[in-house]
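Right, one structure below, let's go through it.
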Amino acid sequence: MKKLMLPFASFSPDVDEQALEGESAQQLVGRLSESKAKAAIAKYQQGVVIGSDQVALFNGEILGKPHNKENAIKQLSLFSNNRVTFLTGLTVFDIESGKTVTEVVPFHVYFRQLTQTQISNYCDAETPYDCAGSFKSEGLGICLFDKLEGEDPNTLIGLPLIQLTKALLTFGIDVLAEQSGQQ
């Protein structure tokens, strides 16, 4: 959000992130991003709220955050020399009007062939245990990849800014006009 140079406040919504029975990965991240955005109703009476959620998909299976080094090593070992798809749910919600826009944005990561030593060294250096996919692409995680494929590299970090700026326009918020104080 700092990249967009807009004033904002943030909070951590208390949302159960478990998938519902029969829920697809696309449905899951869309539902969670919307739930997180709408959790603002308990804290604020007005404003436009942004909610986001992300999952990693490998061989059709949803992979959660690793939470510890052992699980991160398992995930990164699976990903070695393979493609992983990240789905990011993005919701923009206006508290007063109830207007809601939700999108699911895909991004593909192609991993290098990685050794166990490289994986362990990476985990020790960056401790990516609260990140879907067990890496931080904005940091040393970039060393794990052969290539990245998607419309917006910010998607991989968890907030697709290109889609966000388009969605904000539907709420009357022009990010560039905001820079000059004109709306």
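You will find that of 36, 2, 43, the residue that is modelled with pLDDT under 90 and of a type in the set (D, E, K, R) is 2 and no other.
Within the range 1-18, being more than 27 Å from residue 177 (Cβ to Cβ), within 16 Å of the chain's Cα centre (by Cα) and touching a residue at least 24 places away in the same chain (Cβ under 8 Å) holds for 13, 15, 17. Looking only at residues in the range 57-78 that are out of contact with any helix residue (DSSP H, G or I) (no Cβ under 8 Å at 6 or more places or on another chain) and either in a helix (DSSP H, G or I) or aliphatic (A, V, I, L, M) (or both), the one that is surrounded by the most Cβ atoms within 10 Å (Cβ to Cβ) is 75. The residue list 146, 152 contains one member that is touching a residue at least 24 places away in the same chain (Cβ under 8 Å), touching a helix residue (DSSP H, G or I) at 6+ places or on another chain (Cβ under 7 Å) and of a type in the set (Asp, Glu), which is 152. Does residue 130 meet the test of being among the acidic types (Asp, Glu), in contact (Cβ under 8 Å) with a residue 12 or more places away in the chain and farther than 25 Å from residue 67 by Cβ? Against the criterion (among the acidic types (Asp, Glu), in contact (Cβ under 8 Å) with a residue 12 or more places away in the chain and farther than 25 Å from residue 67 by Cβ), residue 130 does not qualify. The test for being touching a helix residue (DSSP H, G or I) at 6+ places or on another chain (Cβ under 7 Å), open to solvent by 20 Å² or more (accessible area, probe 1.4 Å) and more than 28 Å from residue 43 (Cβ to Cβ) holds for residue 125.
Among the residues of the range 91-103, at least one is acidic (Asp, Glu), at pLDDT 95 or above, out of contact with any His (no Cβ under 8 Å at 6 or more places or on another chain) and not in a strand (DSSP E or B). Residue count for the range 138-183, restricted to those that are open to solvent by 20 Å² or more (accessible area, probe 1.4 Å) and outside any helix (DSSP H, G or I): 18. Per this entry, residue 132 is counted among residues that are more than 17 Å from residue 3 (Cα to Cα), part of a loop (DSSP other than H, G, I, E, B) and under 20 Å from the mean Cα position of the chain (by Cα).
I'm trying to understand the selection: among the residues of the range 39-51, which are under 21 Å from residue 165 (Cβ atoms) and either touching a residue at least 60 places away in the same chain (Cβ under 8 Å) or hydroxyl-bearing (Ser, Thr, Tyr) (or both)? If the condition is that a residue be under 21 Å from residue 165 (Cβ atoms) and either touching a residue at least 60 places away in the same chain (Cβ under 8 Å) or hydroxyl-bearing (Ser, Thr, Tyr) (or both), then 48, 50 are the ones that fit.
Of all residues in the range 23-53, which are touching a Leu at 6+ places or on another chain (Cβ under 7 Å) and open to solvent by less than 30 Å² (accessible area, probe 1.4 Å)? Listed by number, the residues that qualify are 25, 29, 33, 53. Among the residues of the range 108-117, those identified as in contact with a helix residue (DSSP H, G or I) (Cβ under 9 Å, 6 or more places away or on another chain) and open to solvent by 90 Å² or more (accessible area, probe 1.4 Å) are 112, 116.
The values are calculated or read from the model by the stated rules, or taken from the named source; none is laboratory data. Bear in mind that the values here come from a model prediction, so they are computed numbers and not experimental data. Virtual Cβ from ideal backbone geometry, glycine too; neighbours counted across all protein chains shown. Protein only, heavy atoms only, side chains kept; ligands, DNA and RNA dropped before computing areas. Shrake-Rupley method; radii C 1.70, N 1.55, O 1.52, S 1.80 Å.
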